[in-house]
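Heads up, the thing below is written out as structure tokens.
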Amino acid sequence: MSKEWIALFDEFKRDFRAELKEFKDSFDRDFRKQMHDIKASLAQINSNQKELVAENRLLKETNARLQTRCSDLSQQVKEQEGRLVQLEQHSRVANLEITGVPFCKGEDLTEVIAGIGEAIQEPVTPADIEVAHQVPTAKSPTVKNIVVQFASRKKRDVFLEKARPVRLTSSDLGFDSQAPVFINEHLCAPLKRLLGQAIARKREVNWNYVWVRNGKIFARHSEGHLASRLFAVRTLPQCRCMRELMHVKGYFLESLSFLERR
């Protein structure tokens, strides 16, 4: 009986060892396969990460180039807009704009301008006037200014210089009213807006003078300070004289989007 048990026990040990070996072999195969798969996955992840890093670097470089290009193009657009404004203003170099003259439909504007010339002691003949017309204002469609283009800039400058010290009123031109009449350089729309902004800003920052000469807008803090040419309204509270403005490399008309460089 004991021999039979011993035989069974030996057989059991053999079977157990065989199954254990088979299990171990299977486990080793599965473990090695899983480790191989994990390593392959990690290698793929690492490769993907490197690709993402490279793509991210490329995107950053491309973005930096695009930003630089965009900045350059924006600069060029501002410069071109500035040149267009300069050209537009240059086309008005012989022009004056007269405000305050009562509107009379069908009136001969040449005679009105000649009347102003008499009042300021600067005779004007029809040959001195290239063209004159009335333009509506933003305040009222019934109130119109007179824009006159003289035959020469020299004549315009003399006319303007003689008009500056004279306090004209509409009664000086034969009208019943006593409304003031103003004679100014004919500014293009962007410079008109800048002038309006500068006048409003002047009051806010307690500057005393803002004026126009030869299509350029100037400001001065007070007597004794040098004049500063305005390229942007924001320069008013920052600079008191042209020397200070010269330290600024460029100015831009923020609301009108054009750039001028000194």
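Only the coordinates and a few stated rules stand behind these numbers; no lab work does. All of these numbers come straight from a predicted model, not from anything done at the bench.
Report, by chain and number, residues whose modeled amide H sits under 5 Å from the one on LEU230, excluding near sequence neighbours (fewer than 5 apart, same chain). The answer is ILE217, PHE218, ALA219. I'd like the orientation of helix 2-90 relative to the chain: the angle between its Cα long axis and the longest Cα principal axis, in ° from 0 to 90, rounded to 10. Its long axis makes an angle of about 10 degrees. A straight line joining the Cα centroids of the range 95-174 and the range 75-92 runs 27 Å.
Seen against the Cα atoms of the chain and their longest principal axis, helix 109-119 is set at about 70 degrees. By definition, a body whose alpha carbon gyration tensor gives a ≥ b ≥ c is oblate when a/c is 1.5 or more and a/b is not larger than b/c, and the range 127-167 fits this oblate description.
Does the range 180-221 classify as rounded, prolate or oblate by the C-alpha gyration tensor (a ≥ b ≥ c root eigenvalues; a/c under 1.5 gives rounded; else a/b over b/c gives prolate, otherwise oblate)? Note, shape of the range 180-221 comes out prolate. Using only the C-alpha atoms, the convex hull of the range 1-132 corresponds to 246 Å³ per residue. The calculated Kirkwood hydrodynamic radius for the chain is 25.5 Å, given to one decimal from all distinct C-alpha pairs. Centroid-to-centroid, using Cα positions, the range 177-202 and the range 7-65 are 81 Å apart. Build a GNM of the chain with springs between Cα atoms under 10 Å apart, and of LEU20, LEU66, LEU194 the one that fluctuates most is LEU20.
For the range 167-180, putting each phi into the Karplus relation 6.51 cos²θ - 1.76 cosθ + 1.60 with θ = phi - 60° gives couplings of 8, 6, 10, 5, 5, 5, 9, x, 8, 6, 6, 10, 5, x Hz, in residue order, rounded to whole numbers and with x for Gly and Pro.
Counting only alpha carbon atoms, the long axis of helix 153-163 and the longest principal axis of the chain meet at about 70°. Is the shape of the range 128-202 rounded, prolate or oblate, going by the alpha carbon gyration tensor and its root eigenvalues a ≥ b ≥ c, with a/c under 1.5 for rounded and a/b larger than b/c for prolate? It is rounded, given that a/c, with a ≥ b ≥ c, falls under 1.5.
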